[in-house]
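One structure is given below, encoded as structure tokens.
Laboratory data are not the source of any read-out in this text; all were calculated from the coordinates shown. Keep in mind that this is a model prediction, so the values were computed, not measured. Cβ placement follows ideal geometry from the backbone for every residue including glycine, while neighbour counts extend to all protein chains displayed.
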Amino acid sequence: MPRIPLPATREDLGDDAQRAVWDTVVSGPRGRVIGPLRAAIHAPVLAQAWSSLGESLRFGTSLGKRLSELAIIVTGRRWSAQVEWFVHAQAAADAGLEAIVIDAIRDGRAPPFTQPDDALIYDYARLLLRDGNVPAALHARVTQRFGVKGVVELTALVGYYSMVAMTLNAHEVPLPDGAVAPLAAPTEGLFDQPPPG
């Protein structure tokens, strides 16, 4: 059970500001209000900014869909965010990330990357999440490969989807009806991820 009310329809909303945000989200690339936006909509100004930032990061980075979704699932796994993983593991698969890599990230094994860019994105995201920073040499490699814009977007993706994960977890936003929790969370603390294989 969620810890706060989570509007499921436009009619569940309490005021015009919430309805305006709902309409903007539904008319955008998401097409519906789901996940953390159902919680954020209680604060319409926050929800509007959240939605705009999320659309930019999810649908508009220079990294492309595959690498963006990889960074998102690394983030979702670190926080053991069930809904985030449920949505984005499928999106990562749809973007071409191999099932063996997705399964390894889910299970906490070293992912067997075949593409150097995948390993680079994974290592940057996992170290940023683990340490709150990345080594200078890794930052330089990511910047050299993806440019300043790419490294800024990657860092923002990890930060944004950490906020998403915390919102989903703190408010206990449920999985879709009938879905089984895909992640085994540690009894306490955060899920640790190994270096790339």
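Comparing Val152, Val173, Val164, which has the greatest mean-square fluctuation in the GNM of the chain with Cα pairs linked when under 10 Å apart?
Largest GNM mean-square fluctuation: Val152.
Scattering from the C-alpha atoms of region 10-59 alone, worked out with Debye: what is log10 I(q)/I(0) at q = 0.16 1/Å?
Cα-only, vacuum Debye calculation for region 10-59: -0.36.
What does the net charge come to around Arg58 if you take all other residues with beta carbon closer than 15 Å to its beta carbon, with K and R at +1 and D and E at -1?
Working: positive: Arg30, Arg32, Lys65, Arg66; negative: Glu55, Glu69, Glu84, Asp94, Glu153.
Combined, the nearby Lys, Arg, Asp and Glu give -1.
For the chain, what is the relative contact order in percent, using Cα pairs closer than 8 Å and at least 6 residues apart in sequence?
On the way: 240 pairs, mean separation 59.4, N = 197.
It rounds to 30 percent for the chain.
Using θ = phi - 60° and the Karplus form 6.51 cos²θ - 1.76 cosθ + 1.60, what ³J(HN,Hα) does each residue of region 151-167 get, whole Hz, x for Gly and Pro?
Values per residue, Gly and Pro as x: 5, 5, 5, 4, 4, 5, 4, 5, x, 5, 6, 5, 4, 4, 4, 5, 5 Hz.
Find how much the distance from Ile100 to Leu190 grows on full extension, using 0.36 nm per residue of separation minus their present alpha carbon separation; answer in nm with one decimal.
Numbers: separation 90, 0.36 × 90 = 32.40 nm, distance 2.25 nm.
Computed gain between Ile100 and Leu190 is 30.2 nm.
Under a point-charge model restricted to the Cβ atoms of Lys and Arg (+1) and Asp and Glu (-1), what is the dipole moment magnitude of region 35-79 relative to its Cα centre, in debye to the nearest 20? If you can, show how the numbers build up before the last one.
On the way: 6 positive and 2 negative charges, 39 e Å.
Using Cβ point charges on Lys, Arg, Asp and Glu, region 35-79 gives about 180 debye.
Between Thr9 and Ala181, what is the label-point separation in nm under the 7 Å Cα-to-beta-carbon projection?
About 3.0 nm separates the two model spin labels.
Could you give the nm distance between label points at Thr143 and Glu55, where each point is 7 Å from its Cα heading toward the beta carbon?
With each label placed 7 Å out from Cα toward Cβ, I get 3.2 nm.
What does the convex hull of the Cα atoms come to per residue for the chain, in Å³?
Details: hull volume 23.5 nm³, N = 197.
So the per-residue hull volume is 119 Å³.
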